[in-house]
Amino acid sequence: MKTEAKEKEVKTIAIIAIVVAVVGISIAYAAMTTTLKITGRANMNSANWNIEFQSLTAEKTGDAVYTAPTLAATSLSNYSVTLTKPGDSVTFKFKLANTGNIDAKLKTITKGKPVCIGTGESADDDENLVCQNIIFDFKYQDGKPIVENDSLNQQTTKDVILTIEYNNNTNNLPKGHVTVNGLDVVMLYEQA
Amino acid sequence: MEKNRGVKVVAVIALIVAVVGLTIAYASLSVTLNITGSAKVTPANWDVEFENPAVDEESKIGGADGTAPTLEGKTTLKDFQITLTKPGDSITFTFDVVNKGDIKAKLSTLTMPEVSALTYEGTALEAQKTTDENTVKENIEYKLTDESGSEITDGGTLVLDTDSNQRKKMKLTMTYKSTAQSIPSAAVNISGLDISMIFEQAD
């Protein structure tokens, strides 16, 4: 009888303790519930992607004659050059410009191969001679080659030069006129 | 402290989501730059040639005589003849070298055989023949000069332009030395007096 009362008391104390504990824990959890708020603003500035040609100038040596290319944003088109003797050359200088706010890199560059078309009886010999002696060069103004993965960071420019020259170290000229096509360059830039 | 860390974790996650969203929007940007054009080679005219070969009659000294070279094509003066008889005899041929082309030219190489390298053919009898040949070899001299008498040299110092200064008058003079103490007993023919001038494009 006494034992049963004691057990009941223990149980009651335990239950109270547990309840107290649960209530205590519940009270502790309730106090740690907080609503988190983040407030503020976001501006989506429209990114500016713009790669273009700029600032075209031309120089010549010897008796070379030229028509400078037409400058549009992404094209330099329809230049023409006439050379008459070894050492004659024309150099076009211009800038590659990244006027946007996104860094760019050169993914691919394709430089054309000269195709020579002769005239008259010695056309074949003339074509071979001119194609062996025409120099078609495209590089940075400091002399370094332009290669894939070159960077063109936002708000920067790079100076480049395009040169067409008749080899100064030859003593041979074609007998007739020779037209040279294929003097084109294509560059694909993408985001870095 | 715990509360702040929880706020920070949520804030960072939100920012990451926003950045990932922006990056996906940029991935498609690219541009192609094109350069196009052509060239033409129209050969300039290269033409350097001889003109006006002649004997300078006023230059004849003593018994010297001769026949001016003949012009073969534009680039060869051939078959001149010179006769000298005694010490001091001298004769001069004149001719012009002219640049008639569109490209400036320079004399890059001049080849004139040494007197000792010429061929001497004496006409005396065998014993005297060699002596005569040697006598002539020791006492003959020739030179190539400009109009003022300065010797022509190669290496690019003589330049012919395409407008003014296109023409250079030259003189070829052959002399039996006035200081010679002997003459051959019979005629000695001299051959091999071949001079070549190579002109190249000047800078």
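The values are calculated or read from the model by the stated rules, or taken from the named source; none is laboratory data. Everything quoted here is computed from the prediction, not taken from an experiment. Note: ideal-geometry Cβ built from the backbone for every residue, glycine included; neighbour counts use all protein chains shown.
The table for this structure:
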{"quantity": "Residues satisfying the stated conditions in segment A:118-140, i.e. part of a loop (DSSP other than H, G, I, E, B) and surrounded by 13 or more Cβ atoms within 10 Å (Cβ to Cβ)", "calculated": "A:Thr119, A:Ser122"}
{"quantity": "Residue ID - modelled with the highest pLDDT, chosen from residues in segment B:138-153 that are outside any strand (DSSP E or B) and charged (D, E, K, R)", "calculated": "B:Glu138"}
{"quantity": "Residue under evaluation A:Val65, criteria (1) surrounded by 17 or more Cβ atoms within 10 Å (Cβ to Cβ); (2) at the interface with chain B (Cβ under 10 Å from one of its Cβ atoms); (3) within 23 Å of B:Ile103 (Cα to Cα), criterion not met", "calculated": "(1)"}
{"quantity": "Check on B:Asp146, charged (D, E, K, R), surrounded by fewer than 16 Cβ atoms within 10 Å (Cβ to Cβ) and within 14 Å of another protein chain (Cβ to nearest Cβ)", "calculated": "no"}
{"quantity": "When residues of segment B:94-112 are limited to those that are part of a strand (DSSP E or B) and not polar (S, T, N, Q), the one farthest from B:Gln166 (Cα to Cα)", "calculated": "B:Leu110"}
{"quantity": "Yes/no for B:Thr32 being out of contact with any Ser or Thr (no Cβ under 6 Å at 6 or more places or on another chain), in a strand (DSSP E or B), surrounded by fewer than 19 Cβ atoms within 10 Å (Cβ to Cβ) and within 11 Å of chain A (Cβ to nearest Cβ)", "calculated": "yes"}
{"quantity": "Residue match in segment A:86-95 (condition: touching a Ser or Thr at 6+ places or on another chain (Cβ under 7 Å), more than 10 Å from chain B (Cβ to nearest Cβ) and farther than 15 Å from A:Leu183 by Cα)", "calculated": "yes"}
{"quantity": "Neighbours by Cβ (under 8 Å, 6+ apart or cross-chain): first from segment B:120-131, at negative phi; second of a type in the set (Lys, Arg)", "calculated": "B:Tyr120/B:Lys137; B:Gly122/B:Lys129; B:Thr123/B:Lys129"}
{"quantity": "Any hit, segment A:165-179, residues being assigned to a strand (DSSP E or B), more than 9 Å from chain B (Cβ to nearest Cβ) and at pLDDT 95 or above", "calculated": "yes"}
{"quantity": "Filter result for A:Asn48 (of a type outside the set (Phe, Trp, Tyr), surrounded by fewer than 13 Cβ atoms within 10 Å (Cβ to Cβ) and either free of Cβ contacts under 8 Å to residues at least 24 places away in the same chain or not in a helix (DSSP H, G or I) (or both))", "calculated": "yes"}
{"quantity": "Inter-residue pairs, beta-carbon under 9 Å, first within 10 Å of another protein chain (Cβ to nearest Cβ) and in segment B:102-116, second of a type in the set (Lys, Arg), 6+ apart", "calculated": "B:Asp102/A:Lys85; B:Ile103/A:Lys85"}
{"quantity": "Residue match in segment A:158-169 (condition: of a type in the set (Ser, Thr, Tyr) and touching a residue at least 40 places away in the same chain (Cβ under 8 Å))", "calculated": "yes"}
{"quantity": "Of residues in segment A:180-192 being assigned to a loop (DSSP other than H, G, I, E, B) and either of a type in the set (Lys, Arg) or facing chain B (nearest Cβ under 7 Å) (or both), the one surrounded by the most Cβ atoms within 10 Å (Cβ to Cβ)", "calculated": "A:Leu183"}
{"quantity": "Filter result (touching a residue at least 24 places away in the same chain (Cβ under 8 Å), more than 23 Å from the chain's Cα centre (by Cα) and not in a strand (DSSP E or B)) within segment B:38-73", "calculated": "B:Asp56, B:Ser59, B:Lys60, B:Gly62, B:Gly63, B:Ala64, B:Ala68"}
{"quantity": "Close pairs from segment B:141-155: first under 15 Å from B:Met174 (Cα atoms) and without any contact (Cβ under 8 Å) to a residue 24 or more places away in the chain, partner charged (D, E, K, R) and part of a strand (DSSP E or B), Cβ under 9 Å, at least 6 apart", "calculated": "B:Gly149/B:Lys171; B:Glu151/B:Lys143"}
{"quantity": "Selected residue (criterion: surrounded by the most Cβ atoms within 10 Å (Cβ to Cβ)) from residues of segment A:51-62 that are over 24 Å from A:Asp88 (Cα atoms) and in contact with a Phe, Trp or Tyr (Cβ under 7 Å, 6 or more places away or on another chain)", "calculated": "A:Ile51"}
{"quantity": "Strands (runs of 3 or more DSSP E) wholly inside segment B:154-203 that include at least 2 residues being within 14 Å of chain A (Cβ to nearest Cβ) and at pLDDT below 95", "calculated": "B:196-201"}
{"quantity": "Unique residue being modelled with pLDDT of 95 or more, within 14 Å of another protein chain (Cβ to nearest Cβ) and surrounded by 14 or more Cβ atoms within 10 Å (Cβ to Cβ) when the list is B:Val97, B:Val41", "calculated": "B:Val41"}
{"quantity": "Residues that are facing chain B (nearest Cβ under 9 Å) and in a strand (DSSP E or B), drawn from segment A:68-85", "calculated": "A:Ser75, A:Leu76, A:Ser77, A:Asn78, A:Tyr79, A:Ser80, A:Val81, A:Thr82, A:Leu83"}
{"quantity": "Selection count, segment A:96-117, where residues are at the interface with chain B (Cβ under 9 Å from one of its Cβ atoms), farther than 14 Å from A:Ile146 by Cβ and in a strand (DSSP E or B)", "calculated": "1"}
